[in-house]
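Read-outs throughout are calculated quantities, based only on the coordinates presented, and are distinct from any laboratory measurement. As the structure is a computational prediction, the values presented were derived from the model and not from experiment. No Cβ is skipped: glycine too gets one built from the backbone with ideal geometry, and neighbour counts run over all protein chains shown.
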Amino acid sequence: MLKPGRRVKRGRRGDYELSLPDQERELLRSLPGQLVERLEAGPDEPDLVRLFPPAYTRDEDQKAEAEYRSLMGTDLLDRHKEALQVMAATMDAERLDENQMAAWLTALNELRLVLGTRLDVSEDQIPPPPGDPRAPGFALYSYLSWLQGQVIDAMSGAL
């Protein structure tokens, strides 16, 4: 049995109980697909920069960065898409295995990174007031952060 407010619990057999209310599942349902579409459109979009951090940042290393991108870019893109696709495919599941839960953790992190970049979230950020047009985005970012924490707690055995 999950504690009130808990959404993820590690089971005795090493699997995970995912107890998301219908409203939360509906909120999450479209997010993985939206991000997969953005990734397929091109990983060079400004909102996606944190999903594809540069390996070389100095101007004199541009050739090395281009080589790194040609070698690793497709692999990194595929890993992002795979985690998001697992999350989408298991959205209605009540139990997840270790690999599926790890994919959820990755997907939640990817969603947070993209949304946080779009909203220009910082450590000392104060959420905007409810009437601000950015408020729903910040509320979603907070929810994704909270849910990610739930997954981390369950996977680390902290529950």
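Remarks
- Residue among ASP78, ASP124 that alone is assigned to a loop (DSSP other than H, G, I, E, B) and surrounded by fewer than 13 Cβ atoms within 10 Å (Cβ to Cβ): ASP124
- Only one entry in LEU48, LEU39, LEU20, LEU28 is assigned to a loop (DSSP other than H, G, I, E, B), buried (at least 17 other Cβ atoms within 10 Å of the Cβ) and either touching a Pro at 6+ places or on another chain (Cβ under 8 Å) or not β-branched (Val, Ile, Thr) (or both), namely LEU20.
- Restricting the first member to segment 60-71 and to residues that are within 20 Å of GLY42 (Cα to Cα), and the second to residues that are of a type outside the set (D, E, K, R), the beta-carbon pairs closer than 7 Å and six or more apart or on different chains are GLU65/PRO54; GLU65/ALA55; GLU65/TYR56; TYR68/ALA55; TYR68/TYR56.
- Candidate set: segment 6-17, residues that are assigned to a loop (DSSP other than H, G, I, E, B) and in contact with a helix residue (DSSP H, G or I) (Cβ under 9 Å, 6 or more places away or on another chain); chosen: the one surrounded by the fewest Cβ atoms within 10 Å (Cβ to Cβ): GLY14
- Any hit, segment 95-111, residues being aliphatic (A, V, I, L, M), loosely packed, with under 12 Cβ neighbours inside 10 Å and either more than 19 Å from LEU18 (Cβ to Cβ) or more than 11 Å from the chain's Cα centre (by Cα) (or both): no
- Within segment 38-59, the set of residues being farther than 16 Å from LEU113 by Cα and either among the basic types (Lys, Arg) or without any contact (Cβ under 8 Å) to a residue 24 or more places away in the chain (or both) comprises ALA41, GLY42, ALA55, TYR56, THR57, ARG58, ASP59.
- Only one entry of ALA107, ALA93, ALA102 meets the criterion of being in contact (Cβ under 8 Å) with a residue 40 or more places away in the chain and closer than 20 Å to SER142 by Cβ, and that entry is ALA107.
- Only one of the numbered conditions (1) without any contact (Cβ under 8 Å) to a residue 40 or more places away in the chain; (2) within 18 Å of GLU26 (Cα to Cα); (3) in contact with a helix residue (DSSP H, G or I) (Cβ under 7 Å, 6 or more places away or on another chain); (4) aliphatic (A, V, I, L, M) is violated by ALA139, and that is (3).
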